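Data first, discussion second: the structure below is written as structure tokens.
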Amino acid sequence: MYNRLKSLRSQHSTLDSLIRREEMHSYPDRQHIRSLKKFKLRLRDEISRIENGLNANRLAY
């Protein structure tokens, strides 16, 4: 589970960089930025679910 969390955080960070890079273009592709942001939100939601599950497991012990 920790490896999955690490991978998701890495992907989230990479998407952040891609979004910033696209926004710096003289003619940024707004549709592409929108889709990257949606994917980033889905990753954030999955990261939160995993972290909440791990925290719940720790509290159970």
Residue list for the stretch 3-41, restricted to those being without any contact (Cβ under 8 Å) to a residue 24 or more places away in the chain and among the acidic types (Asp, Glu): 22, 23, 29
Please name all residue pairs, on different chains or six or more residues apart, with Cβ atoms under 7 Å, provided the first residue is in the stretch 42-60 and is closer than 12 Å to residue 12 by Cβ and the second residue is among the polar types (S, T, N, Q) and assigned to a helix (DSSP H, G or I). 43/11
Return the residue satisfying two criteria in turn: it lies in the stretch 1-24 and is touching a helix residue (DSSP H, G or I) at 6+ places or on another chain (Cβ under 9 Å) and of a type in the set (A, V, I, L, M, F, W, C), and of such residues it is farthest from residue 40 (Cα to Cα). 1
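Where a number appears in this text, it was derived from the coordinates with a stated rule and is not lab data. Computed from a prediction, not measured in an experiment: that's the story for all the values here. Positions of Cβ are backbone-derived with ideal geometry, glycine not excepted, and every protein chain shown enters the neighbour counts.
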